[in-house]
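The values are calculated or read from the model by the stated rules, or taken from the named source; none is laboratory data. The structure displayed is predicted, hence computed values, not measured ones. For neighbour counting, all protein chains shown are included, and Cβ atoms are generated from backbone atoms with ideal geometry for every residue, glycine included.
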Amino acid sequence: MTTTYQGLALRGLAAGGIAGLASGLVGLFVTEIPIRAALLVEESRAATEGAGHSHEEALVSRPMQVLGGVLAAVIVGLAIGLVFATAYAMARRWFADGTPFHRSLTLAVAVFGAAAFLPWVKYPANPPAVGDPETVNYRTVLYLGVIAAGLLIVYGASWLASRLTHLTAPGRTTAVLLAAVAATAVVLLAFPAPPDAIPADMPVAVLWQFRLSSLAQTATLYVGIGVVFGLLVDPATRKTEVKASAAA
Amino acid sequence: MTSPAAHLSAVQVPRWAFAVALLGLLITYLVLQENGLALGAASETLHEFFHDGRHALGVPCH
C-alpha cells in the first residue's frame, strides 16, 4: 500500500508518462492530420504574399516538429503526473469515503474540466495559421486566467463538499454540482471573447477537426493519468496485498 | 482492508512536496509557454521544436 509521498510521486510519474505517451500517439495519428492541412494554408498564404513565416521551417525541420509534438505530450504528462500525485496526497477532503481509484479518477476528471475543457470552451484551440502574433501575450494571459479560475472552482467545490456533510450523499453531490455550474457560467460570461478572428482562408472543417483532436489529446492525458494512477495506488488491484492488510 | 480515508490520511506530505509540484509546473511552462522570457534566444528553437505539441495541447500560439 502506498503510504509515503515518495511512493505516490513515483506512481504519478509513471501514470503521467503512460498517459502522456498515449496522448502523444493520439497527436501523432490524429491531430497531425489537421495540423498538416493548416500548414498547407500557411504555405499557400506565404506563396501569394511572398514574405512571411518561412523562417520557421528553417529553424526546426517538420519531422523534428512531429517528434517534438509527441515528446511535448510525454514531458508534460510526466510533469502533470507529479503535480497530480502531490494534489492527490494533499487533497484529504476529496470524497473521503471513495476508493483510491474512484478518488484518483474524480480528481483527474475535475482537473481536466478546469485546466483543459473550460479553456477549450472559452478559448478553443487553434491550429497553426490562425493566431495573430500581435495578440499572443494577451491570449496567453486569458488562457492561464481561465485555467486559474477553473482550478479555483474545483478547490471551492471540494471545500463546499466538506461543509455539507450533514446532507445525504446524492443531495451533497447535487448541491456541489449546481454551485460549480453557476460559478463556471460566471467565469464564461466574465472573461472577454477570444480576440482573434478566424482567417477566411482557414477551412472550417480543418479548424474543427483540429479542435476536436486537441480535446481528445488533453482528455487522453488527464483522464489517462487518473485511470493509471488510480490503478497503481488502489490496493484492490493487488489482491495479495488486500488479503495481507486484511489479515494484519 | 483499511478504509480509504485512513489510507489517505496516513500519507505524510513533506514540505518539499510543494517544490516537486512547482518543478512540474515549471517544466510544463517551459515546454508549452516559453516565449523567450526564461531562456532568451535559445527559446526560439525550443518553441519551434515543441510547436506541434503546443498547438495540439490547446495552448495559445502565434
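Values for this structure:
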item	result
Matching residues, the stretch A:191-241, being in contact with a Phe, Trp or Tyr (Cβ under 9 Å, 6 or more places away or on another chain), closer than 18 Å to A:Gly20 by Cα and within 14 Å of another protein chain (Cβ to nearest Cβ)	A:Ser214, A:Leu215, A:Thr218, A:Ala219, A:Leu221, A:Tyr222, A:Ile225, A:Phe229, A:Gly230
Members of the stretch A:62-96 found to be more than 7 Å from chain B (Cβ to nearest Cβ) and of a type in the set (D, E, K, R), listed by number	A:Arg62, A:Arg93
Every pair of residues 6+ apart whose Cβ atoms lie under 6 Å, when the first sits in the stretch A:69-97 and is in contact (Cβ under 8 Å) with a residue 12 or more places away in the chain while the second is of a type in the set (Phe, Trp, Tyr)	A:Ala72/B:Phe50; A:Ala89/A:Tyr5
Residue tally, condition assigned to a loop (DSSP other than H, G, I, E, B) and not polar (S, T, N, Q), over the stretch A:107-144	9
Filter pass, A:Ser104 being outside any loop (DSSP other than H, G, I, E, B) and out of contact with any Gly (no Cβ under 9 Å at 6 or more places or on another chain)	no
Selection status of A:Val176, under 24 Å from the mean Cα position of the chain (by Cα) and surrounded by fewer than 17 Cβ atoms within 10 Å (Cβ to Cβ)	no
Check on A:Leu39, modelled with pLDDT of 95 or more and part of a helix (DSSP H, G or I)	no
A:Leu151 being under 20 Å from A:Gly77 (Cβ atoms), in contact (Cβ under 8 Å) with a residue 24 or more places away in the chain and buried (at least 20 other Cβ atoms within 10 Å of the Cβ)	no
Residue match in the stretch A:102-119 (condition: within 12 Å of chain B (Cβ to nearest Cβ) and more than 20 Å from A:Val228 (Cβ to Cβ))	yes
Filter result (over 13 Å from A:Arg103 (Cβ atoms) and either without any contact (Cβ under 8 Å) to a residue 24 or more places away in the chain or surrounded by fewer than 24 Cβ atoms within 10 Å (Cβ to Cβ) (or both)) within the stretch A:219-231	A:Ala219, A:Thr220, A:Val223, A:Gly224, A:Val228
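This table checks each residue for (1) crowded, with 21+ Cβ neighbours inside 10 Å; (2) farther than 27 Å from A:Leu71 by Cα; (3) of a type in the set (A, V, I, L, M, F, W, C); (4) modelled with pLDDT of 70 or more.
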| position | (1), (2), (3), (4) |
| --- | --- |
| B:Ala5 | no, yes, yes, no |
| B:Leu8 | yes, yes, yes, no |
| B:Val13 | no, yes, yes, yes |
| B:Leu30 | no, no, yes, yes |
| B:Ala38 | no, no, yes, no |
| B:His51 | yes, no, no, yes |
